[in-house]
Amino acid sequence: MAVDAKGLTKGKLRRLEWIVVGTIVAFAVGLVAVGAYVGFEKVWTAIQRVPLSIILALLGLSLFNYALRALRWHWFSRGLGLKVGFGFNAAVFVGGFALTTTPGKAGEALRLWVLEKAKGVPYERATPLFLGDRLSDMVAIMLLCLASLGAFSGYADVTLGIAAGLIVLMLPFLRPKTLLWVTNALYRLFGGRAPRLFAKIRAALRETAKLFTFRRFGVGLVLALIGWAAEAWSFQLLLQAVGGPEVSFQQASFVFTFALIAGTISMLPGGLGGAEAVMLLLLTSLGFEGDAALAATAIIRLTTLWFSTALGFMVLPFLLAALRRPRDGALSTSGDL
């Protein structure tokens, strides 16, 4: 059956594109405002201190991170018994980056829409894939942050508090039967009004149990840890190049991961504003001058957040073209590779 993507490209996608454009403008305006306060000439001088080789290294390490996380997406996909090739899975994963700068990264759920339209994967089968991807990222970033906490002991209380909140969020997914019991209880109370909805929720929870096993989720978490550690290392390389005090990997890792966590909690598109403000605050507390701190913040966001967004928009047209081809089956009862 052929799929018409016309409605998305001319309607919803157009609105989502405006959201992305708006966040780009907001990002630029914010940088200009802070740059005007610090001094444009000083910031530009700090940026010029970063050689092209370091910029290429940052982009290369970002690509390494994306590759590992795309492999994790495929690993989770196979765990759910979805017969989707690695190439298409990788394209779906990278294409989702186009909408990273939506509130709470909710736009990345575009991946589920593509899988449903192109491969016939029902949302209740694919939703656990999205949950596993987001939660393993959150856990990996938090573990790196906790491992680096010794560099910023003054932030111990807030970091441990966030970690405790993440554990509370994770526990129900580690025991999907508990969520299934809650869903059944709610169904007995309200199910008569939306029986199909509750049926889909139950199906999604049963699928979720396939991912949250020690082996399946553990391998995905290791891939995420390596990928995000590579990003933290790239931030350390940048800080050494931009000019300022010597920074250890532990210090760079905490600044990078804590800023990402702050941006996520803010629920702002792509964490814009929150992540940058925290990064600037922590860098100045390490002894960086305002110009060097702003230059490092701008460059790392351009080579991570905005680099991934650009890649997503490059891949998105190919995904939309795939939707116009006849749909093939992607479901299987087996979860083994």
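The values are calculated or read from the model by the stated rules, or taken from the named source; none is laboratory data. Bear in mind the structure is a predicted one, so any value in this text is a computation, not a measurement. In this analysis, Cβ positions are derived from the backbone assuming ideal geometry, glycine residues included, and neighbour counts consider all displayed protein chains. For accessibility, only protein heavy atoms count, side chains too; no ligands or nucleic acids. Shrake-Rupley method; radii C 1.70, N 1.55, O 1.52, S 1.80 Å.
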Exercise. Evaluate the following for VAL121: is it outside any helix (DSSP H, G or I) and either in contact with a strand residue (DSSP E or B) (Cβ under 9 Å, 6 or more places away or on another chain) or of a type outside the set (Asp, Glu) (or both)?
Key: yes
Residue hits (region 226-246; modelled with pLDDT of 95 or more and outside any helix (DSSP H, G or I)) are none
Scanning region 281-291 residue by residue, those assigned to a helix (DSSP H, G or I) and at pLDDT 90 or above turn out to be LEU281, LEU282, LEU283, THR284, SER285
Picked from region 196-245 (must be farther than 23 Å from LEU131 by Cα and more than 25 Å from the chain's Cα centre (by Cα)), the residue surrounded by the fewest Cβ atoms within 10 Å (Cβ to Cβ) is PRO245
When restricted to THR101, THR127, the only residue crowded, with 18+ Cβ neighbours inside 10 Å, part of a loop (DSSP other than H, G, I, E, B) and under 18 Å from the mean Cα position of the chain (by Cα) is THR101
Note on region 247-278: residues modelled with pLDDT of 95 or more and in contact with a Pro (Cβ under 7 Å, 6 or more places away or on another chain) are none
When LYS177 is run through (1) without any contact (Cβ under 8 Å) to a residue 12 or more places away in the chain; (2) open to solvent by 40 Å² or more (accessible area, probe 1.4 Å), the failure sits at (1)
